[in-house]
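**Student:** Here it is: the structure, laid out below.
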Amino acid sequence: MSSIISIVAEKPSIARALVRAFSIVYKMKFESRKGQTRYNYIFEASLEDQKVTFTIETTEYRLKKGDILLISSVTGHILNFDYPPPFDKDTNWHNSDPIEMVEIEPIEKAIHESMVDHVTHIGALSNVLIVATDWDGHGEVIGREIVEVASRENKKIRHGRMRFTSTNPLSLQRAFESQTGLNWDWIRQVDSLRKQDLRMGSSITRFLTVGVQDRGIHNQMISYGPCQTSVLYLIASRYIENKAFNPEEFWKISLKIIVNDKPLFLDWHGNPSSDEEHVDNILKKLENEEKAVISDFNEEIGSIRRPLPLDTDTLEAECSNFFKVSPKQISDIAERLYNNGFITYPRTESSYYLEKDLTKLTSIFTDHTEFGKIAQECINLGGVTKPSKGRFTKDHEPIKPVKAITKKDLEKTFTKTPSIINLSWAIYSYIVWRFLATVHIDAKTLDQYIILSVGEEEFKGKGKLITELGFLKFYQYRNIVSSELPKLEKHTEFPFETNKHLGYTTPPPLWNESMLIRKMAELNLGTDATRSSHIDTVQKRRYTTPTGTQRVLVPTPLGLALYNVLNAHAQDLILPEIRGKVETWTQQIREHKKTAEEVDKLVIDLTTQGIMAMKSNEEDIFSTLTTSFKDMTGVGNIMGVCSDCEGELVLFQGKKGARFLKCMNPLCEASFPLPKKGELTKLEEEYCRICKSTPLLVTVKYHNWIMCPVCWTREASKDRPWFCSDCNREECPYSGSWKAKSSDENLGKCPDCNGDLFLQIKEDNARVECVSCNRIWKTPKLRPKMSITLGKACTQCGRKTLSVVKQGKKPYRLCVFCSLFYFDDY
């Protein structure tokens with residue numbers, strides 16, 4: 001009787017990698033069929049003459065002719081923790097007590113019933129079930145879920161666990177032939193942490209959300225998460241510290257001597273000093289001295305160490321900084337590179353290669369057009385047997401490339417997502433260059449130190465001359481510049497000049513995403529696999545926003561308000577140190593120092609105390625949150641007058657973020673939907689010539705356009721968005737056809753003849769012309785989706801300005817007579 005061996009991977013891409021590997025290694029021919037879900041196919045192969053053996057712990061299995069191998073997958077977790085009704089997420093939140101929730105034991109529920117059916121079906125068919133999930137804590141838990149669900153209709157099924165850090169065929173073959181069991185200590189740790197996150201997150205989120213909804217912010221959620229809120233604490237506290245910083249004066253003394261006709265500047269040993277009087281006294285003493293004497297000049301052979309093998313935090317932090325994208329984007333693309341067999345598993349804390357000789361891996365790049373020359377050099381120099389060494393951990397090997405590819409290979413692989421090809425290649429190249437740098441040689445330097453004495457005062461200087469570039473000649477991600485000092489002899493005397501310099505202390509820098517990743521690692525906040533997700537979450541919750549090319553994180557009004565109320569009334573719920581404690585408690589479950597029940601009690605007490613503290617100050621808390629939410633979103637603001645009844649149109653926001661204007665006249669039912677994204681600005685003193693309502697300026701990042709909410713609702717085409725630039729009504733100056741008209745109102749008096757000035761527009765040309773002397777002033781050239789109208793008076797000459805609005809650009813006003821630009825109106 002034939003046996004059926006099933007392998008279930010964590011995601012479909014790993015299932016496909018397994019199929020490719022087994023087709024190459026064991027020459028198996030697979031056929032595919034649909035599973036119980038849309039994306040999770042079942043691949044089936046029947047053994048013929050292949051000899052396939054594998055072990056699970058100490059038990060050996062030999063597959064014979066006619067045995068069947070099934071390969072399929074899930075899509076992440078099958079089961080998730082939730083509460084029983086009425087505390088589950090789908091029940092009316094107003095009907096449950098958050099404090100009562102804290103003490104209830106969460107239960108596991110299916111995320112998608114179809115996925116449970118899929119795994120149950122595979123389990124019912126199988127004699128042996130092999131888990132092929134990621135080699136991390138959540139991968140271990142997903143493996144446990146697969147085994148439990150598969151065993152529901154087949155209690156006799158045996159199971160094994162493949163562990164691999166690369167999806168290349170040889171790695172998957174080794175993982176298949178030498179399997180282990182599930183790590184139940186690790187599973188208990190991760191399951192406990194998932195329960196504590198649910199316990200704290202759901203109860204506090206429900207308390208905060210119900211509070212703001214009861215005070216008029218309908219259908220909105222204030223989300224709390226132990227990790228994401230600790231990240232918010234770091235961002236908001238640094239922002240407040242930065243803005244409250246008062247610069248203080250300090251002074252420095254520099255000394256200049258001339259060596260070989262070139263100036264050499266040295267710093268006083270007491271720099272910097274906050275005591276100006278002391279600095280002045282030193283300068284007076286120096287005025288009495290005639291010569292500066294070299295009291296010490298020393299040169300030492302030094303080195304610039306190669307970078308350490310790559311871990312997850314370094315990958316996300318450095319690539320985010322180099323390529324100006326979020327760590328989450330880096331993480332997602334690294335995951336795709338791993339799934340396609342180009343790099344090893346990108347979730348690791350290790351920076352220590354277990355292999356003693358990396359010649360074989362390096363040699364796969366020797367024929368590469370971009371990396372080949374350096375790869376061969378690494379082998380020739382012997383760095384492959386003496387790589388740099390960092391921290392050793394037991395989870396995974398460092399991130400490194402496992403396949404030499406070109407950019408064209410990526411283009412073929414990512415044909416469905418061409419927008420990520422350039423970034424994917426940049427990340428892959430970084431990983432390769434980093435690996436080659438670790439197996440190259442250190443750079444050699446000549447480190448120089450000099451001390452000059454002037455009376456009793458010393459002045460110091462340093463120099464660094466790079467004598468051998470080593471890895472620096474190709475590793476573009478580290479920029480070190482030589483700064484050589486001239487060769488000097490002790491006791492040589494020089495005439496000198498001294499200068500006093502005033503400086504000011506600078507505030508602590510705001511966190512950018514790259515810096516924050518490293519700070520979170522330092523505080524043990526989150527794991528290497530989750531830190532980028534937590535930073536992404538606080539942005540999705542609208543608590544912070546990245547600004548500028550450096551992606552500096554700035555808290556929003558809502559983020560600051562949440563920080564202020566938690567920091568003032570329930571500090572233990574937001575401090576990163578407390579989150580670190582919770583993670584340490586769950587880690588102790590794995591180490592058998594605490595039981596899961598003991599950790600439950602500690603977290604229940606912590607959460608209950610926090611909610612009780614907030615309840616005693618709830619009016620204060622919810623007043624602050626409600627005000628900040630209105631300030632940030634504009635909800636509740638009057639945005640115009642109803643064209644039907646002249647009632648006030650007020651901005652509202654629906655359950656899923658949809659925005660609309662609603663007439664506040666109780667006898668009028670008018671409401672007008674608005675774009676879901678973008679900042680809305682009411683154009684004061686303006687009105688739509690069609691419906692007489694107030695037009696709005698919609699701004700999304702660097703793009704903007706004008707829309708009339710009434711026309712947009714009542715006359716919009718179903719086939720496309722309908723903004724003022726799309727309108728063909730000639731009677732309205734905001735319409736796209738308005739460019740064929742001239743202004744009815746004059747700009748003022750001509751500076752030459754005191755005649756009337758008018759804006760003249762014909763086809764794509766616009767100009768200002770005097771009707772008396774016919775003098776002409778040029779205006780910006782009209783382009784598609786652009787309008788020029790008359791604006792407010794110029795502050796210098798008093799004539800009307802031109803208001804220029806172009807989709808995708810910042811609006812401005814222009815005075816053609818004074819050549820002045822105004823941006824403050826927008």
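The values are calculated or read from the model by the stated rules, or taken from the named source; none is laboratory data. Model, not experiment: these values are computed from the prediction. Cβ coordinates were reconstructed from backbone atoms using ideal geometry, including for glycine residues, and neighbour counts include every protein chain displayed. The accessibility values were calculated without ligands, DNA or RNA, using every heavy atom of the protein model including side chains. Shrake-Rupley method; radii C 1.70, N 1.55, O 1.52, S 1.80 Å.
**Student:** Just checking, does the range 342-352 include any residue being under 27 Å from the mean Cα position of the chain (by Cα), assigned to a helix (DSSP H, G or I) and touching a residue at least 24 places away in the same chain (Cβ under 8 Å)? Before the answer, list the steps.
**Tutor:** Of all residues in the range 342-352, those under 27 Å from the mean Cα position of the chain (by Cα) come to 342-352.
Still in the running and assigned to a helix (DSSP H, G or I): none.
Among the residues of the range 342-352, not one is under 27 Å from the mean Cα position of the chain (by Cα), assigned to a helix (DSSP H, G or I) and touching a residue at least 24 places away in the same chain (Cβ under 8 Å), which makes the answer no.
**Student:** Out of curiosity, is residue 61 over 20 Å from residue 158 (Cβ atoms), among the aromatic types (Phe, Trp, Tyr) and open to solvent by less than 50 Å² (accessible area, probe 1.4 Å)?
**Tutor:** Working: over 20 Å from residue 158 (Cβ atoms): no; among the aromatic types (Phe, Trp, Tyr): yes; open to solvent by less than 50 Å² (accessible area, probe 1.4 Å): yes.
In short, no.
**Student:** Would the range 248-271 turn up any residue that is in a helix (DSSP H, G or I), out of contact with any His (no Cβ under 7 Å at 6 or more places or on another chain) and either surrounded by fewer than 20 Cβ atoms within 10 Å (Cβ to Cβ) or not acidic (Asp, Glu) (or both)? Outline the logic, then answer.
**Tutor:** Keep residues of the range 248-271 that are in a helix (DSSP H, G or I), which gives none.
No - not one qualifying residue is present in the range 248-271.
**Student:** Within the range 180-202, is there a residue that is in contact (Cβ under 8 Å) with a residue 24 or more places away in the chain, over 30 Å from residue 489 (Cβ atoms), more than 34 Å from the chain's Cα centre (by Cα) and surrounded by fewer than 22 Cβ atoms within 10 Å (Cβ to Cβ)?
**Tutor:** Checked the range 180-202: at least one residue is in contact (Cβ under 8 Å) with a residue 24 or more places away in the chain, over 30 Å from residue 489 (Cβ atoms), more than 34 Å from the chain's Cα centre (by Cα) and surrounded by fewer than 22 Cβ atoms within 10 Å (Cβ to Cβ).
**Student:** Within the range 90-111, does at least one residue satisfy the condition of being within 26 Å of residue 13 (Cβ to Cβ) and either in contact (Cβ under 8 Å) with a residue 40 or more places away in the chain or open to solvent by less than 20 Å² (accessible area, probe 1.4 Å) (or both)?
**Tutor:** No, every residue in the range 90-111 fails to be within 26 Å of residue 13 (Cβ to Cβ) and either in contact (Cβ under 8 Å) with a residue 40 or more places away in the chain or open to solvent by less than 20 Å² (accessible area, probe 1.4 Å) (or both).
**Student:** Oh, and also: Return the total of residues in the range 203-217 being over 18 Å from residue 82 (Cα atoms) and open to solvent by 10 Å² or more (accessible area, probe 1.4 Å).
**Tutor:** Final tally of qualifying residues: 5.
**Student:** For residue 410, which of the numbered conditions (1) in contact (Cβ under 8 Å) with a residue 40 or more places away in the chain; (2) open to solvent by less than 30 Å² (accessible area, probe 1.4 Å); (3) under 32 Å from the mean Cα position of the chain (by Cα) fails to hold?
**Tutor:** Result: residue 410 passes all but (1).
**Student:** Let me ask something additional. Quick test of your reading of the structure: residue 17 fulfils all but one of (1) closer than 23 Å to residue 154 by Cβ; (2) open to solvent by less than 30 Å² (accessible area, probe 1.4 Å); (3) in contact with a Ser or Thr (Cβ under 6 Å, 6 or more places away or on another chain). Name the failing condition by number.
**Tutor:** (1)
**Student:** Scanning the range 569-597 for residues that are assigned to a helix (DSSP H, G or I), of a type in the set (D, E, K, R) and over 14 Å from residue 200 (Cβ atoms), which turns out least open to solvent (accessible area, probe 1.4 Å)? I'd like the intermediate steps shown before the answer.
**Tutor:** Here is the first cut: in the range 569-597, the residues assigned to a helix (DSSP H, G or I) are 569, 571-573, 576-590, 596-597.
Filter once more, keeping what is of a type in the set (D, E, K, R): 572, 577, 579, 581, 583, 590, 597.
Subsequent filtering for residues that are over 14 Å from residue 200 (Cβ atoms) retains 577, 590, 597.
Working: 577: 111, 590: 79, 597: 128 Å².
For the range 569-597, the residue satisfying everything is 590.
**Student:** Could you list, in sequence order, all residues of the range 504-520 that are surrounded by 20 or more Cβ atoms within 10 Å (Cβ to Cβ) and of a type in the set (Lys, Arg)?
**Tutor:** none
**Student:** Identify all residues within the range 658-698 that are of a type in the set (S, T, N, Q), under 40 Å from the mean Cα position of the chain (by Cα) and either surrounded by fewer than 17 Cβ atoms within 10 Å (Cβ to Cβ) or modelled with pLDDT under 75 (or both); write none if there are none.
**Tutor:** Selection gives 671 alone.
**Student:** Please work out if residue 474 is over 30 Å from residue 536 (Cβ atoms) and open to solvent by less than 40 Å² (accessible area, probe 1.4 Å). Give the derivation first.
**Tutor:** Details: over 30 Å from residue 536 (Cβ atoms): yes; open to solvent by less than 40 Å² (accessible area, probe 1.4 Å): yes.
Against the criterion (over 30 Å from residue 536 (Cβ atoms) and open to solvent by less than 40 Å² (accessible area, probe 1.4 Å)), residue 474 qualifies.
**Student:** Also: Scan the range 353-394 for residues that are open to solvent by less than 60 Å² (accessible area, probe 1.4 Å) and either within 35 Å of the chain's Cα centre (by Cα) or within 27 Å of residue 134 (Cβ to Cβ) (or both) and report the count. Don't jump to the end; show me each part of the working.
**Tutor:** The initial filter retains those residues of the range 353-394 that are open to solvent by less than 60 Å² (accessible area, probe 1.4 Å), namely 353, 358-359, 361-363, 365-366, 368, 371-372, 374-375, 377-379, 382-384, 387-388, 390, 393.
Keeping just the survivors that are either within 35 Å of the chain's Cα centre (by Cα) or within 27 Å of residue 134 (Cβ to Cβ) (or both) gives 353, 358, 361-363, 365-366, 368, 371-372, 374-375, 378, 383-384, 387-388, 390, 393.
The total comes to 19.
**Student:** Give me the pairs, please: first residue somewhere in the range 245-267 and without any contact (Cβ under 8 Å) to a residue 24 or more places away in the chain, second residue anywhere and β-branched (Val, Ile, Thr), beta-carbon distance under 9 Å, and either six or more positions apart or on two chains.
**Tutor:** Note: pairs meeting the criteria are 246/505; 263/257.
Quick grid of which residues meet (1) among the aliphatic types (A, V, I, L, M); (2) under 30 Å from residue 139 (Cα atoms); (3) in contact with a Leu (Cβ under 6 Å, 6 or more places away or on another chain):
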| site | (1), (2), (3) |
| --- | --- |
| 390 | no, yes, yes |
| 411 | no, yes, no |
| 418 | no, yes, no |
| 423 | yes, yes, no |
| 433 | no, yes, no |
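**Student:** Can you tell me which residue among 294, 333 is of a type in the set (A, V, I, L, M, F, W, C) and either part of a helix (DSSP H, G or I) or surrounded by fewer than 17 Cβ atoms within 10 Å (Cβ to Cβ) (or both)? Don't jump to the end; show me each part of the working.
**Tutor:** Numbers: 294 fails: either part of a helix (DSSP H, G or I) or surrounded by fewer than 17 Cβ atoms within 10 Å (Cβ to Cβ) (or both).
Just one listed residue meets the conditions, 333.
**Student:** When the residues of the range 299-315 are narrowed to those that are in contact with a Lys or Arg (Cβ under 7 Å, 6 or more places away or on another chain) and part of a helix (DSSP H, G or I), which ends up surrounded by the fewest Cβ atoms within 10 Å (Cβ to Cβ)?
**Tutor:** Filtering first and then ranking leaves 313.
**Student:** While we're on this one: If we only count strands (runs of 3 or more DSSP E) wholly inside the range 734-812, which ones have 1 or more residues that are modelled with pLDDT of 80 or more and open to solvent by 80 Å² or more (accessible area, probe 1.4 Å)? Let's see the steps before the verdict.
**Tutor:** Details: elements: 756-762, 765-770, 776-778, 786-793, 800-806.
In the range 734-812, 765-770, 776-778, 786-793 are the strands (runs of 3 or more DSSP E) which contain 1 or more residues that are modelled with pLDDT of 80 or more and open to solvent by 80 Å² or more (accessible area, probe 1.4 Å).
**Student:** Looking only at the range 46-72, which residues are on the phi < 0 side of the Ramachandran plot, of a type outside the set (A, V, I, L, M) and assigned to a loop (DSSP other than H, G, I, E, B)?
**Tutor:** Keep residues of the range 46-72 that are on the phi < 0 side of the Ramachandran plot, which gives 46-56, 58-65, 67-72.
Add one more test, that the residue is of a type outside the set (A, V, I, L, M), and what stays is 46, 48-51, 53-55, 58-62, 64-65, 67, 72.
Result: 48, 49, 50, 51, 58, 64, 65, 67.
**Student:** Taking the condition open to solvent by 50 Å² or more (accessible area, probe 1.4 Å), in contact (Cβ under 8 Å) with a residue 24 or more places away in the chain and touching a Leu at 6+ places or on another chain (Cβ under 7 Å), does residue 444 pass? Write out each step before concluding.
**Tutor:** Working: open to solvent by 50 Å² or more (accessible area, probe 1.4 Å): yes; in contact (Cβ under 8 Å) with a residue 24 or more places away in the chain: yes; touching a Leu at 6+ places or on another chain (Cβ under 7 Å): no.
So residue 444 fails the test.
**Student:** Looking for whichever is touching a residue at least 60 places away in the same chain (Cβ under 8 Å) and either out of contact with any Phe, Trp or Tyr (no Cβ under 8 Å at 6 or more places or on another chain) or basic (Lys, Arg) (or both) here; the options are 125, 69. Which one fits? Talk me through it step by step, then tell me what you get.
**Tutor:** On the way: 69 fails: either out of contact with any Phe, Trp or Tyr (no Cβ under 8 Å at 6 or more places or on another chain) or basic (Lys, Arg) (or both).
Unique residue meeting the criteria: 125.
**Student:** Please count how many residues of the range 477-496 are exposed (fewer than 11 other Cβ atoms within 10 Å of the Cβ) and either in contact with a Pro (Cβ under 8 Å, 6 or more places away or on another chain) or of a type in the set (Val, Ile, Thr) (or both).
**Tutor:** 1
**Student:** Filter the range 73-101 down to residues that are in contact with a Ser or Thr (Cβ under 7 Å, 6 or more places away or on another chain) and not in a loop (DSSP other than H, G, I, E, B) and give me whichever is nearest to residue 210 (Cα to Cα).
**Tutor:** 93
**Student:** Hey, among 233, 224, which residue is in a loop (DSSP other than H, G, I, E, B) and closer than 28 Å to residue 598 by Cα?
**Tutor:** 224
**Student:** Just for the range 551-563: of the residues that are touching a Ser or Thr at 6+ places or on another chain (Cβ under 8 Å) and not in a helix (DSSP H, G or I), which one is farthest from residue 327 (Cα to Cα)?
**Tutor:** First pass over the range 551-563, keeping only residues touching a Ser or Thr at 6+ places or on another chain (Cβ under 8 Å): 551, 553-563.
Imposing the further condition that a residue be not in a helix (DSSP H, G or I) reduces the set to 551, 553-556.
Details: 551: 10, 553: 13, 554: 16, 555: 18, 556: 20 Å.
Of everything passing the filter in the range 551-563, 556 is farthest from residue 327 (Cα to Cα).
**Student:** Oh, and also: Which one is farthest from residue 100 (Cα to Cα) among residues in the range 603-617 that are in contact with a His (Cβ under 9 Å, 6 or more places away or on another chain) and open to solvent by 10 Å² or more (accessible area, probe 1.4 Å)? Walk me through it before giving the result.
**Tutor:** Taking the range 603-617 and keeping what is in contact with a His (Cβ under 9 Å, 6 or more places away or on another chain), we get 610, 613-614, 616-617.
Imposing the further condition that a residue be open to solvent by 10 Å² or more (accessible area, probe 1.4 Å) reduces the set to 613, 616-617.
Details: 613: 15, 616: 17, 617: 19 Å.
Selected residue: 617.
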